[in-house]
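Take a look at the structure set out below.
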Amino acid sequence: MIQTLIVCEKPDAAARVARALDEDGDPRRLDTQGVPYYEARRRKETIIVCSALGHLYSIDSKGCAPRRYYPVWDYRWEPSHLIDKKSARLSRWIQTISSLARNADRFVNACDYDVEGSLIGYAILRYACSGAHAKAQRMKFSTMTEKELQTAYNTALPQLDYSQVEAGRCRHELDWLYGINLSRLLTESALKQNRGYSTLSTGRVQGPTLKFVVQREEEIQCFTPTPFWTIKATIQHEDETYSLEYEKEKIPTLAEATRITVDCKNALLEVANIQTQTIQQPPPYPFDLSALQSEAYRHFGYTPSRTLALAERLYLDALISYPRTSSQKLPPDIGYSEILIGIATRAEYRSLVSKLTNRTSLRPNQGTRQDPAHPAIYPTGESPKRRLLHHEANLLDLIIKRFMATFAESGLRETTKLILRKDQHSFFLKGSKLLRDGWIEFYRPYGSEPDQKLPDLRVGEKVPIKKIDAVEKFTEPPSRYNPSSLLRKMEDENLGTKATRAEIIEILYRRGYIKDIHIQATPVAVKITSILDRYCPLITDSGFTSQLESQMEEIRSGEATRREILANTLDRLRPIMLHLISKEEALGTQLAEAAAIQRKSNATLDYPCPSCSSKLTMIRSRTSGKRFIGCTGYEKGCRFTLPLPQFGSLTVTGKNCKVCGFQLITTRSGRWRSMTSCPRCYSSKPTKRAKLNSMNKPIRISSSASGGLLESTPLIEDQ
Amino acid sequence: MTCPLCHEEIDAAGAGYCVTHQRAFDNIKRAFSTWTVAYGSPRVPDFLEQVQKLPQTGLKAKEIARFLLENPSRWK
């Protein structure tokens, strides 16, 4: 009997693959050292399905150079648990896979079909399965449905997809060379100044991304507003009031604005013209990952990384296709009708699906973007086998409705513009009405705009101005990036990949370079960017990184080799590093100062001490090691303290608690969602109890650091 | 030479401030000409007072405005 070893990317994927390939759909779940794997039976074949836990192998420097040494140019691929202590459990996974590989006759890589998946499978087959990569096959699939997995297994590619593997290796190696050298240099040069330790990092994608935020921050910081005026006018018709737009959106001088209001005060406006236009609104394109992330942010407020995590969950449950795609195309072989029939098994979509299936042909409205590995994101039509969490259900609903909308006909909207005149002054009244729902019906509530009513006026009719004012306004600074718009900017500039962009933004948050949802660059981020800009502008040049991305695409398409790209890049990186090392002292002084300021400002609250009005700050007790909020007026006798969460990194936000007005603190811990809460009443939402407390009860505040109950502070008094 | 506001080194020849404050200074000067057209001829101190109070004004621009109010000779 032949024994086949299939390597998957995650345990959930392994379970699904095993279930799809087992004759009875009931594979045996086995376990070695807590590492699960599955045994599926098929005619004269035993299939062992094991999984990785993401990357089991990573890059480390060759030889015995200390971890703080730089520059480093020699590297090798090593088991991740030997490089990072946090990955210790991965050693059991490698051991288990190695022992399973000893009995295998045939090897198949069934990791996600993209650069990362191909590399994960390749590294396991090469290093843990004693060079089995040379004879391994590759399963290619875009959904985790049983049918597609079975087809992918039966028609597996005869060898690994080496172009993707090489592109993946090149990306990891370049990122490591850039990241390790530059980050060690920044951190160590600051540390040598003996002003405390801060992890300072930059990288091939991180540097230019941070520069976008810093540039925007500088624009905002240096912004000086200029005045302009708008004309606010209303008319009344049949008991309804309508707001008018003046022909000029902005009036540049006070004199002109005053003249308009004087000319038109109590004037009779005559309807000079009515312009009507019918606009066709074509259906949206199917979702690629960035469009999904952007739409999920717009409608649900999910950050890009969260949307990706939710989409991956839905993919592993075989509810949607592979989400890390840049394609806007839905090829017919995915089976439009079958998917729609599947969707119709859910009552809420049945009537919409029947409207689509009644049509003679199904043709999606597709965009131009393509992805060689996967189609656009689409629902598989399968029903959830478990109760979905609220956020997962939201995202699935969005994807299903978008999929249906792409097959629907265009919407028709009639827009009407009434032009009202008084001498040389023109005012507009704009309205719109949906004539035909088209795709909007399928995409509701995500794509609908309310109708705007207009008064029933005809050309030549006159209507008096009810009110007219010139409103003084000032120009606004450019808006800050949010996670979604920053991700879009990265995509526009071709920085990173669809799989890595959200993670890069998360890293910037974790490092303390950016903060808040409306992203602000912190002083240390401004300093690092200015230093890199001054001493090695290539590192923060988005054009250079974008060029590297294109070169990696060339590896994927077979137009370039990994060795060529690595050699070229090293030729550029080496002189940069040598130049930076020669300026280490100057760099270190500036960085250490910025890092010290940041550490201090990160720990200081804007909200004053309720007892003595001094500044409050986050303190770690030297005796107990615990963190708490303490008053800087301690030496003057103030003993005000508040407890703090003891795990995760803490950030003082710019927001205040709605219950007690105290400054909110955000806690980030590992891969958990960040939590924003009030250290004073410990409520992320104003609960009844907290409200009650804030209204009439004093809060007893204890300090773990001092080990006793220190004071009772009536909340009402210091509001 | 260092910037009178943040004591950073001044890179560019002929500049009176560090890169960021110089940019804020240039913005304020440019804005003043727009304000002059918009309101007639405002007095420089009134303009600087007003700019300082506006919520849209950036932090560096506010610093420059305050500095120019205290050092009118720097308004060239």
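The values are calculated or read from the model by the stated rules, or taken from the named source; none is laboratory data. Fair warning: this is a prediction, and the values are worked out from it, not measured in the lab. Positions of Cβ are backbone-derived with ideal geometry, glycine not excepted, and every protein chain shown enters the neighbour counts.
Structural remarks
- Count of the range A:1-37 residues which are touching a Gly at 6+ places or on another chain (Cβ under 6 Å) and outside any loop (DSSP other than H, G, I, E, B): 2
- Looking only at residues of the range B:9-38 that are more than 15 Å from the chain's Cα centre (by Cα) and buried (at least 16 other Cβ atoms within 10 Å of the Cβ), we find that the one that is modelled with the highest pLDDT is B:Ala38.
- When A:Phe228 is tested against the conditions (1) within 11 Å of another protein chain (Cβ to nearest Cβ); (2) out of contact with any Lys or Arg (no Cβ under 7 Å at 6 or more places or on another chain); (3) in contact (Cβ under 8 Å) with a residue 24 or more places away in the chain, the lone failure is (2).
- The single residue among A:Ser361, A:Ser354, A:Ser426 that is without any contact (Cβ under 8 Å) to a residue 40 or more places away in the chain, farther than 23 Å from A:Lys147 by Cβ and not in a loop (DSSP other than H, G, I, E, B) turns out to be A:Ser354.
- For the range A:469-584, the helices (runs of 4 or more DSSP H) that sit wholly inside it and include 3 or more residues that are under 26 Å from A:Asp74 (Cβ atoms) are A:542-556, A:562-582.
- A:Ile279 touching a strand residue (DSSP E or B) at 6+ places or on another chain (Cβ under 6 Å) and surrounded by 21 or more Cβ atoms within 10 Å (Cβ to Cβ): no
- Of all residues making up the range A:429-456, the number that are of a type in the set (Gly, Ala, Ser), at pLDDT 90 or above and out of contact with any Leu (no Cβ under 8 Å at 6 or more places or on another chain): 1
- The range B:47-61, residues that are more than 7 Å from chain A (Cβ to nearest Cβ), surrounded by 19 or more Cβ atoms within 10 Å (Cβ to Cβ) and outside any helix (DSSP H, G or I): none
- Matching residues in the range A:38-72 - criterion: being under 24 Å from A:Ala88 (Cβ atoms) and of a type in the set (Asp, Glu): A:Asp60
- Checking A:Asp31 against (1) touching a strand residue (DSSP E or B) at 6+ places or on another chain (Cβ under 6 Å); (2) surrounded by fewer than 16 Cβ atoms within 10 Å (Cβ to Cβ), the condition it does not meet: (1)
- Within the range A:187-220, considering residues that are polar (S, T, N, Q) and surrounded by fewer than 23 Cβ atoms within 10 Å (Cβ to Cβ), the one nearest to the other protein chains (Cβ to nearest Cβ): A:Gln215
- A:Glu472 vs. criteria touching a residue at least 12 places away in the same chain (Cβ under 8 Å) and closer than 26 Å to A:Pro286 by Cβ: no
- Filtering A:Arg689, A:Arg700, A:Arg622 for residues that are assigned to a helix (DSSP H, G or I) and at pLDDT below 85 leaves a single hit, A:Arg689.
- One residue stands out in the range A:124-155 among those that are touching a Lys or Arg at 6+ places or on another chain (Cβ under 7 Å) and within 27 Å of A:Ser58 (Cβ to Cβ): the one that is surrounded by the most Cβ atoms within 10 Å (Cβ to Cβ), namely A:Met144.
- Residue that is farthest from A:Arg673 (Cα to Cα), among those in the range A:614-652 that are surrounded by fewer than 17 Cβ atoms within 10 Å (Cβ to Cβ) and in contact with an Asp or Glu (Cβ under 9 Å, 6 or more places away or on another chain): A:Arg639
- B:Phe25 within 11 Å of another protein chain (Cβ to nearest Cβ), farther than 26 Å from A:Ser530 by Cβ and assigned to a helix (DSSP H, G or I): no
Conditions (1) farther than 22 Å from A:Leu254 by Cβ; (2) more than 10 Å from chain A (Cβ to nearest Cβ), marked per residue:
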position	(1), (2)
B:Gly14	yes, yes
B:Thr34	no, no
B:Pro45	no, yes
B:Glu63	yes, no
B:Trp75	yes, yes
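- A count restricted to the range A:360-378 and to residues that are surrounded by fewer than 17 Cβ atoms within 10 Å (Cβ to Cβ) and either among the aliphatic types (A, V, I, L, M) or closer than 13 Å to A:Met404 by Cα (or both) stands at 2.
- Wholly enclosed strands (runs of 3 or more DSSP E) of the range A:38-137 bearing at least 1 residues among the β-branched types (Val, Ile, Thr) and more than 31 Å from the chain's Cα centre (by Cα): A:45-51, A:106-109
- Exactly one residue out of A:Ala560, A:Ala567, A:Ala499 is modelled with pLDDT of 90 or more, in contact with an Asp or Glu (Cβ under 7 Å, 6 or more places away or on another chain) and not charged (D, E, K, R), and it is A:Ala560.
- Where A:Ile235 falls short, out of the listed (1) within 13 Å of chain B (Cβ to nearest Cβ); (2) surrounded by 15 or more Cβ atoms within 10 Å (Cβ to Cβ); (3) in contact (Cβ under 8 Å) with a residue 24 or more places away in the chain: (1)
- B:Glu9 being more than 8 Å from chain A (Cβ to nearest Cβ), closer than 27 Å to A:Thr529 by Cα and touching a residue at least 40 places away in the same chain (Cβ under 8 Å): no
- Tally of residues being more than 14 Å from chain B (Cβ to nearest Cβ), closer than 21 Å to A:Glu472 by Cα and of a type outside the set (Lys, Arg) across the range A:252-280: 6
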